[in-house]
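Data first, discussion second: the structure below is written as structure tokens.
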Amino acid sequence: MRVTVKDASFSVDAELSNFSQARTDSVGALATFVGYCRSESATGGVESLHLDHYPGFTEVEVARLARAVVERHHLIDLLVVHRTGAVTPREPIVLVAALAEHRAEALAAVAELMDYLKTDAPFWKREMNGGQSRWIEPTEADRARRAARGD
Amino acid sequence: MTRILFFGRVSDAAGCSEITTEIPRELRTVGDVRDWLAARDDALAPVILSPTVRAAVDRVFCSGDADLVVDAEEIAFMSPLSGG
């Protein structure tokens, strides 16, 4: 399992290439999700997102969430890369990739971890536009998806 | 001395991301610290008293406001988390 929280832009291609090349013979499926910064949100234009985190705590919590997903879905390996700091449109915010024997486990694991990251990972996101900032908090849909997962 | 950290909306309301302070000995729980901070700062009060603001003591999420803060080195108050 590889969990990275970083304040610099990253290459999705390079991260995925390194991750998938290290796979074992038992891997039958790789599922991925990439979340990108958009230039528009429900409230208007977005010049950048700024992600705060709690150093020393965020990394531990993301690893704890990731480990639980690995165990629940019997993954062979899991990659999580999550940005902090200023992220501009088109840049990746988060990359999750799961290696499993079969597609069902890999796909379910990626979806589940994303639901947990949205509501349970210690990050705080602000949209910046025209010198104004606006905190982004989980939507009702995010909360509903998380609630459906149980504890 | 105890570091008190503020994240998300809480940092805006506090006007800073952290303070280092001596917590009065009679404050024993997270709820006591919330009330104490709210009483010191009118702008912070409505935010830090919100039930959506979670706390962590020494980098462990609290299960509720009854969790103890005695001898805590670091207490964090966090508006709703928003990763991904």
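The values are calculated or read from the model by the stated rules, or taken from the named source; none is laboratory data. Since the model is a prediction, treat every value here as computed from it, not as a measurement. Note: ideal-geometry Cβ built from the backbone for every residue, glycine included; neighbour counts use all protein chains shown. These accessible areas exclude ligands, DNA and RNA; they are computed on the full protein's heavy atoms, side chains included. Shrake-Rupley method; radii C 1.70, N 1.55, O 1.52, S 1.80 Å.
A few points about this structure:
- The lone exception for B:I19 - which of (1) surrounded by fewer than 18 Cβ atoms within 10 Å (Cβ to Cβ); (2) assigned to a loop (DSSP other than H, G, I, E, B) it fails: (2)
- Any pair with Cβ under 8 angstrom, 6 or more apart, that starts in region A:49-77 at a residue that is part of a helix (DSSP H, G or I) and ends at one that is open to solvent by 60 Å² or more (accessible area, probe 1.4 Å) and at pLDDT below 95: none
- Filter result for the condition that a residue is over 24 Å from A:P89 (Cα atoms) and either within 14 Å of chain B (Cβ to nearest Cβ) or open to solvent by less than 70 Å² (accessible area, probe 1.4 Å) (or both), over A:V60, A:V12, A:V3: A:V60
- Residues of region A:28-44 that turn out to be open to solvent by 30 Å² or more (accessible area, probe 1.4 Å) and either touching a Leu at 6+ places or on another chain (Cβ under 8 Å) or closer than 27 Å to A:W135 by Cα (or both), as a count: 10
- Residue satisfying condition, being open to solvent by 50 Å² or more (accessible area, probe 1.4 Å) and either within 13 Å of another protein chain (Cβ to nearest Cβ) or not in a loop (DSSP other than H, G, I, E, B) (or both), within set B:D35, B:D71, B:D65: B:D35
- Residues of region A:140-150 satisfying the condition of being facing another protein chain (nearest Cβ under 10 Å) and surrounded by fewer than 17 Cβ atoms within 10 Å (Cβ to Cβ): A:R143
- Residues that are within 14 Å of chain B (Cβ to nearest Cβ), open to solvent by 20 Å² or more (accessible area, probe 1.4 Å) and on the phi < 0 side of the Ramachandran plot within region A:45-57 comprise A:H50, A:D52, A:H53, A:P55, listed in sequence order.
- Any hit, region A:125-135, residues being aliphatic (A, V, I, L, M), within 12 Å of another protein chain (Cβ to nearest Cβ) and surrounded by fewer than 20 Cβ atoms within 10 Å (Cβ to Cβ): no
- There is at least one residue in region A:64-79 that is modelled with pLDDT of 95 or more, more than 12 Å from chain B (Cβ to nearest Cβ) and in contact with a Lys or Arg (Cβ under 6 Å, 6 or more places away or on another chain).
- Answer residue from region A:100-124, given it is within 14 Å of chain B (Cβ to nearest Cβ) and over 26 Å from B:V60 (Cβ atoms) and is most open to solvent (accessible area, probe 1.4 Å) among those: A:A111
- Tally, over region B:1-16, of residues that are assigned to a strand (DSSP E or B), more than 9 Å from every other protein chain (Cβ to nearest Cβ) and under 19 Å from B:S82 (Cα atoms): 1
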